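The values are calculated or read from the model by the stated rules, or taken from the named source; none is laboratory data. Keep in mind it's a predicted model, so treat the numbers as computed, not measured. Here Cβ is always computed from backbone atoms with ideal geometry, including for glycine, and neighbour counts include all displayed protein chains.
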Amino acid sequence: MIELVLVRHGITDWNAARRLQGQRDIPLNDEGRALVDAWRFSPPYDAVDLSVSPLVRCRETADIIKSNNPGLGDITYDDRLLERDMGIWAGRDLRAVETEFGDAAHDGGYRPEGGESRRDMLVRTRDFIAATATGGRPRLVVTHRGVIRAFYAIATGWDLTGETADELSRRRAQVFRAAADGSVEVAQLNLRLTAPTAN
């Protein structure tokens, strides 16, 4: 098994407005850049390669992380790390979706028209885990809330309906041990990312 260290991209204007982004390509805002700019990775995670969602909010996050953590290695972009495809929900206000669709808005099996259900994401998430676990070294994964929740579901058996039993802070890393069969187990939730050291 290898350790995969998952971080969620920094904040965007759509995050702040509670608009569903899905696979829409929304950049970080100033708050998001400042959040990520403070992240430092300590051993054994300070000299690993990165797997990154190709959406711009994750690419920006990875670039900032790499510029502030010079020991980190190569970046590989991977479509399996894309956020859930929200279909007709993309761009809509979350509260409006909750009002219109009720419990379906947070049902793990519900698939909005033209999009994915939360559970649909498990297939590509397991495929990523299986392929990456053969690498033999820890890896930093820059991705989205939906993917992190899919990892958590695979590790804990959560059915992806409602909210996770544990808080998964966007300001901290979630560490999982990954196996070549596509399974994971929780290694550490909410790993604190160290602040920059003063000169």
Item to complete: Would you be able to tell me the number of residues in segment 33-62 that are within 20 Å of Pro138 (Cβ to Cβ) and more than 15 Å from the chain's Cα centre (by Cα)?
Response: 11
Practice prompt. Within segment 152-169, identify whether any single residue is free of Cβ contacts under 8 Å to residues at least 24 places away in the same chain and among the aromatic types (Phe, Trp, Tyr), and answer yes or no.
Written response: yes
Item to complete: For residues that are touching a Pro at 6+ places or on another chain (Cβ under 7 Å) and modelled with pLDDT of 95 or more, tally how many sit in segment 5-44.
Response: 4
Fill in: Among residues of segment 63-104, those that are among the charged types (D, E, K, R), loosely packed, with under 13 Cβ neighbours inside 10 Å and more than 19 Å from the chain's Cα centre (by Cα), counted
3
Discussion item. Given the condition modelled with pLDDT of 95 or more, of a type in the set (Asp, Glu) and within 23 Å of Ile11 (Cα to Cα), answer yes or no: does some residue in segment 122-138 qualify?
Written reply: no
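If you check Arg177, Arg95, which single one turns out to be under 30 Å from Leu50 (Cα atoms), out of contact with any helix residue (DSSP H, G or I) (no Cβ under 8 Å at 6 or more places or on another chain), basic (Lys, Arg) and not in a loop (DSSP other than H, G, I, E, B)? Spell out the reasoning first.
On the way: Arg95 fails: under 30 Å from Leu50 (Cα atoms).
It is Arg177.
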Fill in: All positions within segment 119-173 that are among the small types (Gly, Ala, Ser) and assigned to a loop (DSSP other than H, G, I, E, B)
Gly135, Gly136, Gly157, Gly162, Ala165, Ser169
Response to the item:
Exactly one of Arg137, Arg126 is at negative phi, of a type outside the set (Val, Ile, Thr) and surrounded by fewer than 18 Cβ atoms within 10 Å (Cβ to Cβ), and that residue is Arg137
Discussion item. Considering only residues that are surrounded by 14 or more Cβ atoms within 10 Å (Cβ to Cβ) and farther than 24 Å from Arg40 by Cα, which ones fall in segment 157-179?
Written reply: Trp158, Leu160, Thr161, Thr164, Ala179
Worksheet entry | Unmet requirement for Ser51, which otherwise passes all of (1) among the hydroxyl-bearing types (Ser, Thr, Tyr); (2) within 19 Å of Ile75 (Cβ to Cβ); (3) loosely packed, with under 15 Cβ neighbours inside 10 Å | (3)
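Evaluate the following for Arg19: is it crowded, with 20+ Cβ neighbours inside 10 Å and charged (D, E, K, R)? It would help to see each step written out before you state the result.
Details: crowded, with 20+ Cβ neighbours inside 10 Å: yes; charged (D, E, K, R): yes.
Taking the combined requirement at face value, the residue satisfies it.
Among the listed residues Arg145, Arg111, which satisfies the condition of being within 30 Å of Asn68 (Cβ to Cβ) and in contact (Cβ under 8 Å) with a residue 24 or more places away in the chain?
Working: Arg111 fails: within 30 Å of Asn68 (Cβ to Cβ).
The match here is Arg145.
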